[in-house]
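Asks: Below is a structure I'd like to ask you about.
The values are calculated or read from the model by the stated rules, or taken from the named source; none is laboratory data. If you're wondering where the values come from, they're calculated on a predicted model, not measured in any experiment. As a convention, Cβ positions derive from the backbone with ideal geometry for all residues, glycine included, and neighbour counts pool all protein chains shown. Remember, those area values only see protein heavy atoms, side chains included, never the ligands or the DNA or RNA. Shrake-Rupley method; radii C 1.70, N 1.55, O 1.52, S 1.80 Å.
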Amino acid sequence: MTSRGRLVVITGPSGVGKSTIVSEVLRRTDARYSISATTRPMRGGETDGEDYYFVTRPVFENMIETGKLLEWAEVFGGEYYGTPLEPVRDALANGEVLILEIDVQGGLLVNRKMPEADYVLLLPPDEATLAQRLTGRGTESQDATAERLAKAVEEIRIARDSGVYTIEIINDDLESAIAEVVAIVNQEST
Ligand code: 5GP
């Protein structure tokens, strides 16, 4: 293939179903996943080098200093998250579609360097549904859930105000949301 690759940046608040949608899109298309680096501890069921590159703070800070990251952020609880630059360059050079599943702010940073990428904002049908989904996780205290909800609402506001996320997909029906992202990856008209 000689065409240049593309980046599809997918963001959305916590609890919107980002990971579920992205993993299904990866299964159904040729798109590749940009594996982020993070300092947060590995969770059960996660694999190093697949879900994330789990690294120490000094290693992450070295990646920042040596320009190895396209963007990075210090997110929840002071953990670092960042997008390694090299796989992005490779994907673009090799004509591949690379999916970046990152937070709203990270997407905005990517936009400064790569405005030509597709920017997708996944949204819940409404706030009540999002609250329910966040509670439904059952892995956090009520306070933590309330905090996540407030953060989610704020993230949506920032994303919308930025004007960067020109593709909005409401995850009302999971199957349709997946199909819409698949269409974007395959560059079908949506
Ligand atoms: P989690 O710890 O639940 O896997 O992810 C927490 C948040 O970090 C999510 O909103 C996720 O999208 C975001 N995130 C994951 N990777 C990156 C990245 O490389 N850069 C940025 N800015 N955010 C990321």
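Asks: Principal axis extents for segment 74-149, Cα atoms only, whole Å, descending order, please.
Replies: 46, 29, 20
Asks: Given an 8 Å cut-off on Cα distances and at least 6 residues of separation, report the relative contact order of the chain as a percent. Write down the numbers at each step before the final one.
Replies: Working: 297 pairs, mean separation 62.8, N = 190.
In percent, rounded to a whole number, it is 33.
Asks: Oh, and also: Below 12 angstrom from the Cβ of residue 85, what's the summed charge of the other residues (Lys, Arg +1; Asp, Glu -1)?
Replies: Working: positive: 68, 89, 113; negative: 71, 86, 90.
My count for the surroundings of residue 85 gives 0.
Asks: State to the nearest 20 debye the size of the charge dipole of segment 50-190 about its Cα centre, where the only charges are +1 on K and R beta carbons and -1 on D and E beta carbons.
Replies: Working: 11 positive and 28 negative charges, 73 e Å.
Around 340 debye, computed over segment 50-190.
Asks: Which percent, to the nearest 5, of DSSP beta bridges fully inside the chain are antiparallel? Don't skip to the end; give the middle numbers.
Replies: Values: 7 of 26 bridges.
Here the antiparallel bridges make up roughly 25 percent for the chain.
Asks: Whenever you get a sec, compute what percent of the accessible area on the chain sits on carbon and sulfur atoms (1.4 Å probe). Mind dumping the intermediate values first?
Replies: Details: 4930 of 10130 Å².
The nonpolar share, carbon plus sulfur, comes to 49 percent.
Asks: Would you report the distance distribution of C-alpha pairs in the chain as whole percents per 5 angstrom bin, up to the bin with the largest distance?
Replies: All Cα pairs, binned at 5 Å, distribute as 1, 7, 16, 20, 21, 18, 11, 4, 1, 0, 0 percent.
Asks: Continuing with the same structure: In debye to the nearest 20, how big a dipole does segment 1-78 give about its Cα centre with +1 on each Lys and Arg Cβ and -1 on each Asp and Glu Cβ?
Replies: Numbers: 10 positive and 10 negative charges, 61 e Å.
Using only the charged Cβ atoms, the result is roughly 300 debye.
Asks: Mind checking the per residue accessible area of the chain for me, 1.4 Å probe, whole number of Å²?
Replies: 53
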